[in-house]
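Below is one structure, written out as C-alpha cells; comments come after it.
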Amino acid sequence: MANDQDERVQQLKSEVDDLEAQLERYRRASEDLMQQVDWCIGYFHGCGKKSIAKSLSNNRSYIRKHLLRRSEQADPSSAVDTNS
C-alpha cells in the first residue's frame with residue numbers, strides 16, 4: 001500500500017512539473033507579446049499615427065492590469081499626444 005502511495009505521489013509531482021513548465025511557456029509568451037505591443041506603440045507614434053498608438057496603449061494597460069494582474073507601468077504611450 002505504501003508503494004502505491006509513493007507511486008501516486010511521484011505521478012502527482014510529475015504532473016505539477018509539467019504544469020509549471022507549461023505555465024513558464026505561457027509567461028514567456030505573454031512577456032514577448034507585451035514587448036511586441038510596446039514596439040508597435042512606438043512605431044505608430046513615430047509614424048504620426050498617435051491615435052492608433054494611444055488605442056494600443058490603452059489595450060496594453062488593460063491586458064497588464066486585468067489579465068496579467070500586474071501593476072501599471074510607464075510605457076511608450078506616456079509620450080503620446082492625445083491632441084492628434
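The values are calculated or read from the model by the stated rules, or taken from the named source; none is laboratory data. From a predicted model like this one, the values you see are computed outputs, not experimental measurements. All Cβ positions, glycine included, derive from the backbone under ideal geometry; neighbour counts span all protein chains shown. To get the accessible areas, we keep the full protein, side chains included, count just its heavy atoms, and leave off ligands, DNA and RNA. Shrake-Rupley method; radii C 1.70, N 1.55, O 1.52, S 1.80 Å.
Odds and ends about this structure:
- The set of residues in the stretch 1-37 that are of a type in the set (A, V, I, L, M) and open to solvent by less than 100 Å² (accessible area, probe 1.4 Å) comprises Ala2, Val9, Leu12, Val16, Ala21, Ala29, Leu33, Met34, Val37.
- Scan of the stretch 38-58 for residues that are under 16 Å from the mean Cα position of the chain (by Cα) and exposed (fewer than 14 other Cβ atoms within 10 Å of the Cβ), ordered by number: Trp39, Asn58
- Look at the stretch 20-36: where a residue is closer than 16 Å to Ser61 by Cβ and a partner is modelled with pLDDT under 95 and open to solvent by less than 80 Å² (accessible area, probe 1.4 Å), sitting 6+ places away or on another chain with Cβ atoms under 9 Å, you get Ser30/Ile63; Ser30/Leu68; Leu33/Ile63; Met34/Arg60; Met34/Ile63; Met34/Arg64; Met34/Leu68; Met34/Asp75.
- Number of positions in the stretch 19-54 that are part of a helix (DSSP H, G or I) and more than 22 Å from Arg69 (Cβ to Cβ): 12
- All told, Tyr62 meets the bar of being modelled with pLDDT under 95, out of contact with any Cys (no Cβ under 7 Å at 6 or more places or on another chain), open to solvent by 50 Å² or more (accessible area, probe 1.4 Å) and of a type in the set (Phe, Trp, Tyr).
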